[in-house]
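Please read the structure below before turning to the comments.
We did not get these values from a lab; they are worked out from the coordinates using the rules stated. Nothing here was measured: the structure is a model prediction, and the numbers come from that model. Every residue, glycine among them, receives a Cβ derived from its backbone with ideal geometry; neighbour counts consider all protein chains shown.
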Amino acid sequence: MKIMDFLDPEAISADIQVADKKEAIKALVGLLIKSGEIKEKDKDKVVKVLLEREALGSTGIGQGIGIPHGKFAGVKKLIGACATSSKGIDFESLDGELVYIFFLLVAPEDSAGPHLKALARVSRLLKDKYFRDTLKAAKDTKALVKIIKQEDLKKT
């Protein structure tokens, strides 16, 4: 599975300007709306699903990474968004560190396989310190898209 299979380039943003976890999730959902993957009218419902998932345990997995995810009946296939934050956000991470790289995943309610595969794929890629550092150093959204596409070509 390739990241770009579920990540629309329109749902990628370099250096989001948000202050906390809730704002970060809203910004990521906003990217899905901008890309046409989610309807504007569903924004609050999707944010609620993601915040409910966060209440079970933070998806800030450490090393500056957050992978908020959830299931929503309003989507037909797995979709994703990606963003970076240059100043970092308190995401209540497992290691207590700020989060600089976000991958948001939203799957249909009846979908388990693709959702878990995507989580595993993103997690595996982000274990690579060079990849994390490259994402964090991306100057703009165009560079971020290029980095992710290049990584997809390397590892399948």
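Distance from the Cα centroid of the range 1-26 to that of the range 58-95 is 8 Å (rounded to whole angstrom). Cβ-Cβ distance of K22 and L153, R₀ of 41 Å, FRET efficiency by 1/(1 + (r/R0)^6): the value works out to about 0.75. Kindly identify the range 89-156 as rounded, prolate or oblate by the Cα gyration tensor criterion: order the square roots of the eigenvalues as a ≥ b ≥ c, call it rounded if a/c is under 1.5, otherwise compare a/b with b/c, prolate if a/b is larger, else oblate. Oblate, since a/c reaches 1.5 and b/c is not below a/b. Placing unit charges on each Cβ (+1 for Lys and Arg, -1 for Asp and Glu) gives the range 3-154 a dipole about its Cα centre, and among A19, S93, L105 the Cα reaching farthest toward its positive end belongs to L105. Shape verdict for the range 29-72, please, from the Cα gyration tensor: rounded (a/c under 1.5), prolate (a/b greater than b/c) or oblate. In terms of gyration-tensor shape, oblate. In this simple spin-label approximation, L94 and D110 carry label points 7 Å from Cα along the Cα→Cβ vector, and these lie 3.2 nm apart.
From the square roots a ≥ b ≥ c of the eigenvalues of the alpha-carbon gyration tensor of the chain, which class results: rounded (a/c under 1.5), prolate (a/b over b/c), or oblate?
On the way: a/c = 1.34, a/b = 1.15, b/c = 1.17.
Here the chain falls in the rounded category.
When the Gaussian network model of the chain links Cα atoms closer than 10 Å, the mean-square fluctuations of K77, K129, K43 top out at K129.
For the chain, the dipole from Cβ point charges (+1 on Lys and Arg, -1 on Asp and Glu) about the Cα centre works out to 460 debye, to the nearest 20. The simple Förster model, with R0 at 22 Å and r as the Cβ-Cβ distance, assigns A120 and K41 a FRET efficiency of 0.10.
Dividing the helix sum by the residues of the chain, where each DSSP H run of 4 or more adds -39500 (n - 2.57), gives a mean residue ellipticity at 222 nm of -13000 deg cm²/dmol.
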